[in-house]
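Only one structure is covered here, and it is reproduced in the block below.
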Number of protein chains: 2
Amino acid sequence: MPHPLAAPLLSGNRRALARAITLSESTRPDHEAQAQALLAEVLPHAGKSVRVGLTGVPGVGKSTFIEALGTWLADAGHRVAVLAVDPSSARTGGSIMGDKTRMPRLTVHEGAFIRPSPSGGTLGGVARRTREAITLCEAAGYDVLLVETVGVGQSETQVAAMTDLFLLLALPNAGDELQGIKRGIMELADLCVVNKADTDPKAATRAQTELTAALKLLTPKGAPWRPRALQASALTGAGIPQVWEAVGSYRQAVDVAAKRRAQTTLWFDDLLREAAWRAFQAGLDTEKLRALRAEVLAGNLTPVQGVQALLSPPPA
Amino acid sequence: MPHPLAAPLLSGNRRALARAITLSESTRPDHEAQAQALLAEVLPHAGKSVRVGLTGVPGVGKSTFIEALGTWLADAGHRVAVLAVDPSSARTGGSIMGDKTRMPRLTVHEGAFIRPSPSGGTLGGVARRTREAITLCEAAGYDVLLVETVGVGQSETQVAAMTDLFLLLALPNAGDELQGIKRGIMELADLCVVNKADTDPKAATRAQTELTAALKLLTPKGAPWRPRALQASALTGAGIPQVWEAVGSYRQAVDVAAKRRAQTTLWFDDLLREAAWRAFQAGLDTEKLRALRAEVLAGNLTPVQGVQALLSPPPA
């Protein structure tokens, strides 16, 4: 029996989409089963969007950049969905007040859909909900997905693993500021954009040059895509079309379908490992685990012995 | 009952050390139990060395650099052990012929001990054996451990996770050559050394400048240690003392004991997850796994449904 939300969702009804996402975020077992059935039902209609991940240090102007890019795309006829992965999100309900004030123009645009981060507790939980929200948005006809990460913990890796292209926003006053970019993030970037270029054009060009050099160093020979650094101003709109042009070039250079298959396989395997680990932990003696880890750290047992002692049944 | 190898090992007997490492590399269950008992016995005597991980692209002169640094240290009275992590190692026995020709001076130095990579099949297996070899070498009185990685797969990450400091060797003709450095490796480096600086001093200085800039970009603000780029020549010996000086500065800046505790905890948890995953896989229906993964990739099932179908018992 088809889920009652399926038909309105597939026809692009925004309220149905919002409710479907809320359903997929619920932890009630009956809701989870319903959400999975709904997801399976709409799955054949998903997958037809351009999925862009975005990150950047606080103050880089992420929201205004997404507002500028999203509005420009929606004005051009695209249907744009904005999602977020924020494992620190302590929101209790579905309020999107924060996002409404952050992106005033996009929020009221009829071609756009904005959804704040699910508050799933663990990063794995948040990431899973966001992946499912991507599927639901695509099924509802959104053809551009902008997935933002606030850059807490490993959230960038997760967002890069669910998007086609990962975009790193940077500030013009490179030197010190760039050092705020976390270890490993530069490596994920397919595109760097120096935002707020209007505030200091000279510094922006210097930052662009430095980022280009860093990206060059970090890209292996023979890679199908060489990450680029661009300049833009969310405020004036300068550079925004060029960013979208670069996204297009990327999608021509890279086999996106193959990348997505690899992402799905990894996701499946992660879920499987997680389920296996949960089942294992459920049967684990946590007191004994704590004691054995302490013994290992004290150098009284080798790690291998510690694990063996934990897994072997106590002598009868 | 103490293991018969323990006493000669602790007195620094080289043959006992070699035999102990061979024992720890054996996959025979009785050998494994013996090796773990021996390791536990000598564990209180281990941990007193400086552990340096080394990597670099082929042709960078890794062996000659290790030979130069190792000989210089051994001449100064240090006891130097050289280990390797090479998951591609297809050696069948314990031959160290390859390493003997690669490091002719160090091989015959009485203050040095060289051991090729264990051929443990998986990277995890090789890494575990190497960690155990570190313990055995330290118990035998070696106070400098140089752990080399050939840079296959994730071996650098593994070596960085078992050493105090990770050293990346680079070539003077930076530009193109540096691009051979794999994604993510630069991020692991605590120290970069431009080797073969004698062959092209100008290019070496340029490479040093470029590496310094890249390291600066990749190091977060407030980090206790700012990775440095140096120059050296394994051939002339120039720069070797400065490399060791930098290792000393690193050890003063960083809380090595805390780093090692964190490494041991991670190792223990990895072993535990691995054991849990093995136990889980042993009970897994691989036919069903293959079929369900295909269904997920075809878009007929969500990944969550695929995992659930795999874990739920078939209807009776």
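The values are calculated or read from the model by the stated rules, or taken from the named source; none is laboratory data. Please read these numbers as outputs of a predicted model, since none were measured by experiment. Cβ sites come from the backbone with ideal geometry, for glycine too, and all protein chains shown count toward neighbours. Please note that ligands, DNA and RNA were not included when accessible areas were found on the heavy atoms of the full protein model with its side chains. Shrake-Rupley method; radii C 1.70, N 1.55, O 1.52, S 1.80 Å.
Scan B:91, B:115 and give me the residue that is at pLDDT below 95, over 17 Å from residue B:65 (Cβ atoms), more than 14 Å from chain A (Cβ to nearest Cβ) and open to solvent by less than 40 Å² (accessible area, probe 1.4 Å). The conditions single out B:115. Scanning the range A:15-50 for residues that are of a type in the set (Gly, Ala, Ser) and closer than 18 Å to residue A:82 by Cα yields a total of 7.
Residue count for the range A:23-46 satisfying the condition of being over 29 Å from residue A:251 (Cα atoms) and either buried (at least 17 other Cβ atoms within 10 Å of the Cβ) or over 23 Å from the mean Cα position of the chain (by Cα) (or both): 13. Here residue B:49 passes the criteria (1) among the polar types (S, T, N, Q); (2) under 21 Å from residue B:158 (Cα atoms); (3) surrounded by fewer than 19 Cβ atoms within 10 Å (Cβ to Cβ) except the one numbered (3). The set of residues in the range A:175-212 that are closer than 20 Å to residue A:249 by Cα, modelled with pLDDT of 85 or more and in contact with an Asp or Glu (Cβ under 9 Å, 6 or more places away or on another chain) comprises A:188, A:190.
Can you tell which of A:215, A:271, A:211 is at the interface with chain B (Cβ under 9 Å from one of its Cβ atoms), open to solvent by less than 40 Å² (accessible area, probe 1.4 Å) and closer than 16 Å to residue A:167 by Cα?
Within the list A:215, A:271, A:211, the selection yields A:211.
Among B:263, B:281, which is within 12 Å of another protein chain (Cβ to nearest Cβ) and touching a residue at least 60 places away in the same chain (Cβ under 8 Å)? Reasoning before the result, please.
Working: B:281 fails: touching a residue at least 60 places away in the same chain (Cβ under 8 Å).
None of the other options fit; the residue is B:263.
Do you know which residues across the range B:290-300 are open to solvent by less than 60 Å² (accessible area, probe 1.4 Å) and at pLDDT 90 or above? Outline the logic, then answer.
Of the range B:290-300, the ones open to solvent by less than 60 Å² (accessible area, probe 1.4 Å) are B:291-292, B:294, B:296, B:299.
Result: B:291, B:292, B:294, B:296.
Across the range A:271-304, the number of residues qualifying as farther than 30 Å from residue A:131 by Cβ, small (Gly, Ala, Ser) and within 37 Å of the chain's Cα centre (by Cα) comes to 1.
Being within 30 Å of residue B:312 (Cα to Cα) and open to solvent by less than 60 Å² (accessible area, probe 1.4 Å) holds for only one residue in B:257, B:203, B:276, and it is B:276. For the range A:225-260, give me each residue that is of a type in the set (Lys, Arg) and within 14 Å of another protein chain (Cβ to nearest Cβ). Result: A:226, A:259, A:260.
The residue of the range A:52-88 that is surrounded by the fewest Cβ atoms within 10 Å (Cβ to Cβ), among those that are acidic (Asp, Glu) and under 26 Å from residue A:198 (Cα atoms), is A:75.
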